[in-house]
Amino acid sequence: MISGVEATVPLLGVVAPRCIVKQATVKRCVVALLLVSVVSIFYYTQYVISSPLSSLIHRDTRPEPSIRCSTLRGATRLPVAPDHRSEARLRIDPKVLVFVETLYSRVGREIVELLVYNRIKYKVEVAGKSLPVLTNLDKGRYGVLIFENLNKYLQMDKWNRELLDKYCREYSVGIIGFAPPGEESLVGAQLKGFPLFIHTNLRLKDAQLNAASPILRLTRSGETAWGPLPGGDWTIFQPNHSTYELLAWAYRDSLDYTDEKSPLATVIQDHGRYDGIQRVLFGSGLRFWLHKLLLLDSLSYLSHGQLSLSLNRMVLVDVDDIFVGEKGTRLKKDDVLALLATQQRIQALVPGFKFNLGFSGNYFHHGTSEENLGDDILLENVDRFTWFSHMWNHQQPHLYENVTHLQLDMALNKQFAKEHGIPTASGYSVSPHHSGVYPVHEGLYEAWKRVWNIKVTSTEEYPHLRPARLRRGFVHRNIMVLPRQTCGLFTHTIFIERYPGGRNRLDESIQGGELFQTIVYNPINIFMTHMSNYGNDRLALYTFESVIKFIQCWTNLRLSSAPPLQLGERYFQLYPEEADPVWGNPCDDLRHQKIWSRNKTCDQLPRFLVIGPQKTGTTALYTFLSIHPTISSNLPSPDTFEEIQFFNGKNYYKGLDWYMSFFPVAKNESSRYLFEKSATYFDGELVPRRAHALLPKAKLITILLSPARRAYSWYQHTRAHGDPIANNYSFHAVITASDTAPKPLRDLRNRCLNPGKYAQHLERWLSYYLPQQLHIIDGEQLRQNPVETLHELQRFLKITPAFNYSTHLRYDPKKGFFCQVTNEERTKCLGKNKGRQYPPMEDRSYKLLQRYYLSHNTALVKLLKRLGSRTIPQWLKDDLTDTVMT
Ligand SMILES: Nc1ncnc2c1ncn2[C@@H]1O[C@H](COP(=O)(O)OS(=O)(=O)O)[C@@H](OP(=O)(O)O)[C@H]1O
């Protein structure tokens with residue numbers, strides 16, 4: 001008999017002989033062996049893998065980069081394809097028109113995602129009976145047309161097809177088409193109207209590229225993508241005309257197929273020698289990674305280089321949490337030496353490459369003695385890396401309420417750096433868990449500037465973590481915030497065998513998958529890794545060396561690296577329009593909420609905005625609303641009084657904290673209706689976009705008055721404020737100023753007249769907000785019957801019970817307006833600068849302005865009808881009637 005105690009790991013070597021000696025039954029032996037195996041597996045997984053010995057155990061199985069690639073074995077690199085600029089006389093904008101089957105169809109979505117990733121402009125059109133407008137005066141609108149489903153192009157009705165083909169010939173515009181998976185398998189079917197034959201529903205393997213193809217630019221030929229191509233529904237092309245040239249081919253992936261040696265065209269180029277139109281046809285969608293590259297090259301080629309991406313890519317690898325890792329996961333001497341050796345090999349492929357180490361000094365020498373030696377070796381080689389400050393104690397900055405404490409902790413890390421010879425002038429820092437970078441914690445920016453003179457940082461969180469293709473950069477308080485890419489390695493991914501989804505998942509990402517594509521699509525890449533990714537299996541070394549080799553193998557990209565400051569400068573040279581931030585609502589994203597200050601709440605944001613325009617009675621409305629018991633306005637601004645003027649102008653750059661400081665509400669006060677009024681929001685070009693990013697659910701209130709009378713009131717207001725131009729020129733001179741008039745006069749004219757183009761501005765707001773979110777107040781009604789106006793407004797805002805204004809507002813004959821009732825006899829009216837006394841507008845000016853605003857007022861009537869307005873304001877009718885009569 002074998003006792004349970006005997007059948008444990010230490011008895012491993014004893015059990016079997018005893019079985020033989022005692023000649024126990026075979027059955028018992030098998031049971032005992034099974035038991036021993038189970039216990040050993042349990043012991044191994046529970047204790048050995050997670051013990052400090054684990055690195056020894058895994059040492060033999062550490063992955064080594066092994067990319068099947070002839071170039072890397074020393075084969076000569078083929079010359080890089082020339083750029084695609086041609087002599088063609090182009091009258092096109094570099095924009096792509098994508099014909100999709102439906103707005104949700106898969107290949108269409110994949111095409112659009114690829115365009116977005118590469119910041120290529122596009123328009124999506126559902127392929128249907130009619131064609132979109134293709135020209136704009138004498139200019140073509142699109143550089144390349146893409147058909148998600150090639151059949152939609154082939155089966156287009158004759159009239160549209162002729163029109164489209166004519167456009168392509170006239171403007172040298174190429175067509176890209178994707179063969180859809182067929183319901184039935186076709187063998188040798190002819191493509192309608194073309195000397196081209198297809199076979200469908202095939203399984204393929206081992207893709208190769210035509211080195212002689214003029215299309216290849218970003219993509220490098222000369223290699224084989226070994227293994228099956230994704231999907232079993234490939235279409236291949238068999239041409240019967242000299243216009244066709246193969247771009248890519250593969251081989252039949254079928255055991256019973258005898259002729260598997262002959263190449264089958266999966267992507268084919270039509271040079272346009274048959275009907276004057278250049279095309280590239282794909283035998284499947286974009287599931288195969290190589291096709292994504294070929295699509296980018298085809299866009300470049302067919303647009304005559306107008307849609308060519310730069311071939312330069314910069315790559316920086318941050319290693320965060322240096323010294324932070326737990327015992328057993330930190331770097332030992334050999335790991336540091338491996339880090340240096342890999343860095344040297346990468347430098348041969350990526351000039352300027354150095355791992356960028358982010359340290360937290362508080363954890364120095366916190367490992368085992370071997371790991372502490374690793375810390376020392378890192379510092380001995382301090383000059384061979386670049387360095388940046390992480391955080392002294394790895395505390396998240398948004399948790400510091402007090403900037404001084406944050407500064408003190410940062411200073412400790414700086415002191416540590418100085419004592420250990422770590423350079424302190426990189427101007428770069430990364431915040432633990434992205435905390436405080438976005439959403440912005442002002443304290444972090446302030447402390448960074450003061451202690452470290454930080455000029456650049458990076459985050460994955462702007463505007464959101466996902467989708468990665470939409471990550472962008474911005475500049476705040478002169479600190480450049482760069483988008484950071486993800487490489488698939490996290491603090492706990494330290495053994496390849498335990499990589500989520502298995503080793504294949506990581507290899508797929510490297511070999512044409514997510515990581516590879518990230519580098520292909522992003523000119524500037526900053527990857528985040530952690531110290532633990534360089535110990536243990538050294539997964540990060542494997543990952544980066546492999547992906548860089550794969551890029552070398554399959555692309556003509558020129559990789560390089562540089563310190564973060566240079567990367568930042570390059571980034572904003574490439575994308576200057578991104579410098580302007582767009583503040584989103586932190587409460588719309590759980591991740592953002594977690595890294596935002598704990599004492600902030602989204603209740604501190606307004607629920608509705610009074611957007612103007614100026615001189616329509618916005619101050620009166622603001623004052624009346626402030627009387628309401630459950631409505632609260634913002635606190636006054638020292639510069640702009642009751643208006644914050646956040647979404648337009650410079651205040652926007654002061655950030656969200658600044659804006660929210662005008663709405664100090666206690667956490668339990670969420671039932672209050674906060675609002676803000678800034679009359680210049682109405683016509684601000686950027687305002688609707690910015691307002692919507694922060695307050696997508698807000699309601700909007702606008703007041704409209706005769707635009708002519710509004711313009712005159714504005715002129716009087718500007719004069720009263722001492723504007724020299726308004727005081728030197730009559731109203732008539734201002735509104736009739738020609739485009740050759742002095743600039744200050746022209747500017748004044750524009751500021752005076754532009755807000756009155758109501759329909760145009762409202763349409764801009766309505767391109768972000770739903771019509772149900774907009775409430776239009778008739779300015780005349782507000783003057784004459786504010787009680788009724790406010791009643792309707794409360795209904796729109798769904799405020800119950802409605803506040804009865806009739807006892808709170810009274811007409812003041814002296815002022816000529818309704819004012820706030822203070823007691824039986826007295827009222828409190830707006831100051832002298834509202835409801836001013838000034839001479840009436842000259843008749844000729846009024847008539848001129850009626851004509852000037854005619855088209856805008858007509859558009860307003862249409863807009864109001866579209867919005868379901870039952871009554872058209874009297875002033876609008878008058879303005880239009882008077883115009884017709886003159
Ligand atoms: N109750 C009440 N009291 C005083 N004034 C009133 C009131 N209701 C509407 N109005 C009209 O509001 C005009 C000023 O508009 P705004 O407050 O929007 O001007 S501003 O843009 O904020 O400067 C102001 O324009 P002017 O008459 O040209 O001064 C008034 O006509």
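Structure values in brief
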{"quantity": "Restraint check, LYS332/LYS594; LYS798/LYS834; LYS449/LYS600; LYS615/LYS865; LYS292/LYS697; LYS615/LYS697, Cα-Cα greater than 28 Å", "calculated": "LYS332/LYS594; LYS798/LYS834; LYS292/LYS697"}
{"quantity": "3J(HN,Hα) from dihedral phi, the range 779-796, Karplus parametrisation 6.51/-1.76/1.60, rounded to Hz, x for glycine, proline", "calculated": "x, 5, 5, 4, 5, 8, 9, x, 4, 5, 4, 6, 5, 4, 5, 5, 5, 4"}
{"quantity": "For ILE644, distant residues with modelled amide H under 5 Å away", "calculated": "LYS677"}
{"quantity": "Three-way shape call for the range 531-690 based on the alpha-carbon gyration tensor, with the a/c threshold at 1.5", "calculated": "prolate"}
{"quantity": "Tensor-based shape of the range 742-886 (alpha-carbon gyration tensor, a/c under 1.5 rounded, otherwise prolate or oblate)", "calculated": "oblate"}
{"quantity": "Dipole of the range 707-849, positive end: most advanced residue of TYR715, GLN794, ASN728 [Cβ charges, Cα centre]", "calculated": "ASN728"}
{"quantity": "For LEU349, solvent-accessible area (1.4 Å; no DNA, RNA or ligand), Å²", "calculated": "50 Å²"}
{"quantity": "Where chymotrypsin sites (Phe, Trp or Tyr not before Pro) in DSSP loops with at most 14 other Cβ within 10 Å are excluded, longest remaining stretch of the chain", "calculated": "491-886"}
{"quantity": "Rounded accessible area per residue of the chain, 1.4 Å, Å²", "calculated": "46 Å²"}
{"quantity": "Per-residue HN-Hα couplings for the range 283-297 [Karplus 6.51, -1.76, 1.60; θ = phi - 60°; Hz; x = Gly/Pro]", "calculated": "x, 6, x, 10, 5, 7, 4, 5, 5, 5, 5, 5, 5, 4, 5"}
{"quantity": "Using alpha-carbon coordinates, inclination of helix 12-22 to the longest axis of the chain, degrees", "calculated": "40 degrees"}
{"quantity": "Dipole in debye (nearest 20) - the chain, about Cα centre, beta carbon charges: Lys, Arg +1; Asp, Glu -1", "calculated": "1640 debye"}
{"quantity": "Signed unit charges on C-beta, dipole axis of the chain, positive-most listed residue LEU541, HIS405, SER738", "calculated": "SER738"}
{"quantity": "Nonlocal amide H pairs with LEU357, under 5 Å, H built at 1.01 Å", "calculated": "VAL319, THR386, TRP387, PHE388"}
{"quantity": "Share antiparallel - DSSP beta bridges, the chain, percent rounded to 5", "calculated": "40 percent"}
{"quantity": "Percent carbon-and-sulfur accessible area, the chain, ignoring ligands, DNA and RNA, probe 1.4 Å", "calculated": "54 percent"}
{"quantity": "Folded to 0 to 90 degrees: helix 158-170 orientation relative to the chain principal axis, Cα", "calculated": "80 degrees"}
{"quantity": "Scattering profile of the chain at q = 0.05, 0.10 Å⁻¹ [log10 I(q)/I(0), Debye over alpha-carbon scatterers]", "calculated": "-0.42, -1.22"}
{"quantity": "In Å², nearest 10: area of LYS594 left accessible to a 1.4 Å probe", "calculated": "150 Å²"}
{"quantity": "Cα centroid separation, the range 455-492 to the range 341-389 (Å)", "calculated": "23 Å"}
{"quantity": "Whether the range 729-782 is rounded, prolate or oblate, judged on the alpha carbon gyration tensor where a/c under 1.5 counts as rounded", "calculated": "oblate"}
{"quantity": "Net length gained if the chain between THR61 and GLN190 were fully extended (0.36 nm per residue, minus Cα distance)", "calculated": "41.2 nm"}
{"quantity": "Dipole in debye (nearest 20) - the range 312-447, about Cα centre, beta carbon charges: Lys, Arg +1; Asp, Glu -1", "calculated": "440 debye"}
{"quantity": "Pairwise label distance in nanometres, ARG345 with GLU125, each label 7 Å out on the Cα-Cβ vector", "calculated": "5.1 nm"}
{"quantity": "³J(HN,Hα), Karplus 6.51/-1.76/1.60, whole Hz, each residue of the range 572-584, x for Gly, Pro", "calculated": "7, 5, 6, 10, x, 5, 7, 4, 5, x, 10, 6, x"}
{"quantity": "Residue-span extension gain [LEU408 to LYS158] - 0.36 nm each, minus C-alpha spacing", "calculated": "82.5 nm"}
{"quantity": "Sparsely packed GluC sites (Glu not before Pro) within the range 347-445, loop by DSSP, other Cβ within 10 Å at most 13", "calculated": "GLU401"}
{"quantity": "Amide H contacts of CYS487 (H built 1.01 Å from N, under 5 Å, at least 5 apart or other chain)", "calculated": "MET528"}
{"quantity": "Antiparallel %, DSSP beta bridges [both residues in the range 560-704], to 5", "calculated": "10 percent"}
{"quantity": "Separation of the SER242 and ARG844 label points, Cα + 7 Å toward Cβ, nm", "calculated": "7.5 nm"}
{"quantity": "Folded to 0 to 90 degrees: helix 618-627 orientation relative to the chain principal axis, Cα", "calculated": "80 degrees"}
{"quantity": "Sites matching GluC sites (Glu not before Pro) across the range 80-151 that sit in DSSP coil, with at most 16 neighbouring C-beta atoms within 10 Å", "calculated": "GLU87"}
{"quantity": "Given charges at Cβ of Lys, Arg, Asp, Glu: the chain dipole, positive-most of GLY272, LEU316, ASN750", "calculated": "ASN750"}
{"quantity": "Dipole magnitude of the range 543-616 about its Cα centre (Cβ charges: Lys, Arg +1; Asp, Glu -1), debye to nearest 20", "calculated": "180 debye"}
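The values are calculated or read from the model by the stated rules, or taken from the named source; none is laboratory data. In this text the structure is predicted, and so the values were computed from the model without any measurement. Cβ atoms come from the backbone with ideal geometry, glycine included; neighbour counts cover every protein chain shown. Accessible surface is based on the protein model in full, side chains and every heavy atom, while ligands, DNA and RNA are left aside. Shrake-Rupley method; radii C 1.70, N 1.55, O 1.52, S 1.80 Å.
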